[in-house]
């Protein structure tokens, strides 16, 4: 996991996704080919850090490593550039987590490898209010 | 190119559930022997093993050779096929294609999954491997969470109620009562579904297929081989695998299961059959919302009406298109890599009048539908009675 | 001559505070340990279980960089006593998150004054011409020993300051500073311990008061400044009482210290403490205002600064959330959730 994380850490810290040089469409996670026009002319692009919730769920049965946080919210966030990101929504008043809510990205501890292993940081979203 | 006719000549399968006393290989051998029983004249020319997570579940790969050797068939080419929860369906499709094209005269397809040896969170991780390690597993989204996101979107965008969503699990449980191999054989009410424990809001326990162990096997033969037998058979009339944009939330319209639609249309075209001719459909309802969207994608229900139509009785036993005649994924069970082959075995039972108390009257044609991921790989096969 | 003044004028170009979402009332702590009452502060800020000094530093720095509007940093220094790793610098993770690589990076430790030390170091690097701009951060997820008096105040949060060459867009000039230290152990944490230890009454006169009074009086002596020259004064605030007392002794009024006095609502964010107070003052200060900033770090020492607000402060309004707005956005939790969040439960 340590090397797998290190390889794409900028994607986790800064939401660096893809931009199509041909048609300008932007994506996160990054792509090899443009989903809109099919072009292979793809370059890295930092995503905007704000968007809105398209849909959300509250997960009660977590994956290993996420037990302490359960239940927690996950959402499909449509960023202001149209890219869609799957991410947790944290530190928000319960009633504010709704389809259509405006959210902003922040960096949090995503996974921790026990007490002696590494800490892996990643993006999560917070409702703007 | 000359094409053979292809038949399912026999099937074998284990009961689905907590098979503590049987290993992955025990289950696979049991199912395979069931399919090979009474077919001593036929030695399969190739074996395909459908399985999703033997590595994580049993620290075991190389299932093809493992099973061939165990069956006393060392020497026969044998490989594992994996496409997440549609592994069994894909294994069947590849076998079907090779027999149809004349490369093989016969093939044995075995789907097997051992889930119960793992702790629940480990099963969750194994299933999550159907989705992106770096961007889905990493953010803590389990496979159920993805379907929860889909379910809320479905309910909010298309005005589907909690009660609507509960309809398909109710049908599954009703059909499994008389199914000997089913994991859960108790009928339930809509309320039971709607009030069960929360898994990934809005999906509750009874919206989700259970964890279970099982193996199913079918033997495929071509017309040349089939003519030597007096057995009743089901004919495979068509089959397609279609892949989709990998992450469902990146698709233009999340509520359009286009891979399922294309697989269905393609398989039906290959069969030269119109949808009205179908007598039953074994659909992949790993989650209630997935069953609904599959029915809509295949055109049996209009957009947003999959669950609502089920609630009105459109897919119940005795209707024009009964679904999941032995209980589907929710009640018959879903030992993931095996499910696609269970579905074929069930279609075979229906079309050879061997379905007992689950028999669909005058079953002429039927389909099986298997999904990996969230309509990420979709596999549809069409079956008919052997002429 | 004990005054530190940079050769080239150095100024704050941007700043950003970070205060987490959760709050624990000190009456909750008292309920568990003393069956009633409350602590000296009303409530304290609590970082969530997925937050740490790295994540909070990144958030505050992003705000500071946005306000500063510069592209490159020559140094990133993080002052903290709650590094997630004993060995692996917090500053490189902050630098990576900001896309900065050609930069000096290091973590500093001097209890509650590590943040102001970072400001001094960056000011020196900028002022000497060695770098154009740098980032100084003071941030902590202070761990309070369960049942100990300091648990009432040990809180999470801090602030980040982008410091560079003073110019027309600069927010506030770092006019000068002085530092006073001695080997005074009133509060400490041994290398493998989870929680600090401390003396009680000894933390007052010989530690807090002696060092702050000395650094500030030294500053006054070297510069000729008097309390009345300052519109605002921010003192390290481990509790609500000490900063009020030391302000009074040094000749400052309540009016001068009230904007930066937030301990009752925040608690003690250790290395972030006086830096959050400074941010709160900057949120409201006017061009021309002089600010006295005096930190105190156990071990022990005090840094005193004279900071002068510039015209550039006018352009900063509305760019980042203010300290007050972050204080207002909160959710109260109980002692059980706080224990879980801050990893106090043995599994």
(message) Could you list B:100, A:36 so that the one with the fewest beta carbons within 10 Å of its beta carbon is first and the one with the most is last?
(response) A:36, B:100
(message) Which of B:31, B:133, B:271 ends up with the largest GNM mean-square fluctuation for chain B, with Cα atoms connected below 10 Å?
(response) B:133
(message) Once you order the gyration tensor axes a ≥ b ≥ c over the Cα atoms, which shape class does the range C:244-332 get: rounded for a/c under 1.5, otherwise prolate or oblate by comparing a/b with b/c?
(response) oblate
(message) Angle check, please: helix B:167-176 long axis (alpha carbons) against the longest principal axis of chain B (alpha carbons), in degrees 0 to 90, nearest 10.
(response) 40
(message) To make sure I understand, if each residue's beta carbon is the centre and we count other beta carbons within 10 Å, what order do B:208, B:305, C:112 fall in, fewest to most?
(response) B:305, B:208, C:112
(request) Report, to the nearest 10°, how far helix C:114-127 tilts away from the longest principal axis of the Cα atoms in chain C, using its own Cα long axis and a range of 0 to 90°. (result) 10
(message) Is the C-alpha gyration tensor of the range C:172-315 telling us rounded, prolate or oblate? Criteria: a/c under 1.5 is rounded; beyond that, a/b larger than b/c is prolate, otherwise oblate.
(response) prolate
(request) Show that you can apply the helix-only estimate: for chain C, add -39,500 (n - 2.57) for every DSSP H stretch of four or more residues, divide by all residues, and state [θ] at 222 nm to the nearest 500. (result) -8500 deg cm²/dmol
(request) Normalise the Cα radius of gyration of chain B by 2.2 N^0.38 Å (N = residues in it) and let me know the number. (result) 0.90
(request) Go ahead and set up a Gaussian network model of chain A, Cα springs under 10 Å, then flag whichever of A:116, A:92, A:18 fluctuates most. (result) A:116
(message) Relative contact order of the range A:2-127, please, whole-number percent, based on alpha carbon pairs below 8 angstrom and at least 6 residues apart.
(response) 22
(message) With only alpha-carbon atoms in the gyration tensor, what are the semi-axes of the equivalent ellipsoid for the protein assembly as shown, in Å, largest first?
(response) 66, 25, 23
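Calculate the mean, over all residues of peptide A:75-87, of how many other protein chain Cβ atoms lie within 10 angstrom of the residue's Cβ.
4
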(message) Within 10 Å of each Cβ in A:12-18, how many Cβ atoms from other chains are there, averaged over the peptide?
(response) 3
(request) Please average, across the residues of A:48-61, the number of beta carbons from any other chain that are within 10 Å of each residue's own beta carbon, and give a whole number. (result) 6
(message) How large is the direction-averaged shadow of the alpha-carbon convex hull of the range A:2-127, in nm²?
(response) 8.2
(request) Indicate the gyration tensor shape class of the range B:268-386 (rounded, prolate or oblate), computed on the Cα atoms with a ≥ b ≥ c the square roots of the eigenvalues: a/c under 1.5 is rounded; otherwise a/b larger than b/c is prolate and the rest oblate. (result) rounded
(request) Compare the peptides B:63-72, B:106-115 by average per-residue count of other Cβ atoms within 10 angstrom and give them in order, highest first. (result) B:106-115, B:63-72
(request) Report the far tail of the P(r) of chain C, meaning the percent of Cα-Cα pairs longer than 38 Å. (result) 9
(request) Using R₀ = 30 Å, calculate the FRET efficiency as 1/(1 + (r/R₀)^6) where r is the Cβ-Cβ separation of residue C:345 and residue B:195; round to 0.05. (result) 0.40
(message) What distance in nm separates the two pseudo spin-label positions at residue C:255 and residue B:161, each 7 Å out from Cα along the beta-carbon direction?
(response) 6.6
(request) Between C:177, C:82, C:248, find the one with the highest GNM mean-square fluctuation for chain C; connect C-alpha pairs within less than 10 Å. (result) C:248
(request) Kindly provide the helix-only [θ] at 222 nm of chain A, computed as the sum of -39,500 (n - 2.57) over DSSP H runs of four or more divided by all residues, to the nearest 500 deg cm²/dmol? (result) -2000 deg cm²/dmol
(message) Order these by the 10 Å Cβ neighbour count, fewest first: B:230, B:330, C:194, B:22.
(response) B:230, C:194, B:22, B:330
(request) Counting helices only, and only those DSSP H runs with n ≥ 4, report the 222 nm mean residue ellipticity of chain B as the sum of -39,500 (n - 2.57) divided by its residues, in deg cm²/dmol to the nearest 500. (result) -10000 deg cm²/dmol
(message) What's the ranking of A:40-46, B:317-323, C:122-128 by average number of surrounding C-beta atoms within 10 Å, highest first?
(response) C:122-128, B:317-323, A:40-46
(message) Only bridges whose two residues both fall in chain C count here: according to DSSP, what percent of them are antiparallel, nearest 5?
(response) 70
(request) Quick one: angle between helix B:24-36 and the longest Cα principal axis of chain B, in degrees between 0 and 90, rounded to 10, please. (result) 60
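Bear in mind that the values in this text are calculations on the coordinates, not laboratory data. Given the structure is predicted, the values throughout are model-derived calculations rather than measurements. No Cβ is skipped: glycine too gets one built from the backbone with ideal geometry, and neighbour counts run over all protein chains shown.
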